[in-house]
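Since every read-out is calculated from the coordinates, none of them should be taken as a lab result. Note that the structure is predicted; figures quoted are calculated from it, not measured. Glycine gets a Cβ as well: all are built from the backbone with ideal geometry, and neighbour counts include every protein chain shown.
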Amino acid sequence: MQKQEAEKQFEAHIKINELLIHKVCRMYAYTTADREDLFQEIVIQLWKAYPKFRGESKFSTWLYRVALNTAITGLRKKKNFIESRELAELPDGITEENQKREEQLGQLYKAIEQLNQVEKAIVMLYMEERTYEEMEEILGISQGNLRVKMNRIKDKLRQLAKNN
């Protein structure tokens, strides 16, 4: 009975936090097939690690850490990942202003792709408006170090944008 209860709890946690997993997949995998594979791998790793979850932090924080570690480990194993993703064609009726925004967003993501794994994780958490305290808990990097890294990342992204 306990095993079935644990499975139901796990499934509920995954359903609640599914968007978080998809965000990690979007940041670290560039094709639909790779995103689906990474999603499955993250869920498998979460299930394997679930018995060790002690509840000392929020489930979403723990999930983030496992998901990021799985994505980063997957990239290390798969050296031949795609360096850039193509922007989808804009549907008819999209205004020029929206198209410019899409292009700028595409350039931003292209620049983010050039960051290392830790920098990508910091940017992803920043874009989700996570606090430095939450980032520290998820990434295991001190708040002071996160602030320094964030400033360096912003400078790096500005430089990358200039060069493109």
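Cβ crowding within 10 Å, taken as a proxy for footprinting-reagent exposure, orders 131, 70 from fewest neighbours to most as 131, 70.
Loop-resident trypsin sites (Lys or Arg not before Pro) (DSSP state other than H, G, I, E or B) in the stretch 1-70 with no more than 15 further Cβ atoms inside 10 Å of their Cβ: 54, 58. For the stretch 1-82, the alpha-carbon coordinates run over 44, 22, 18 Å along the three principal axes, in decreasing order.
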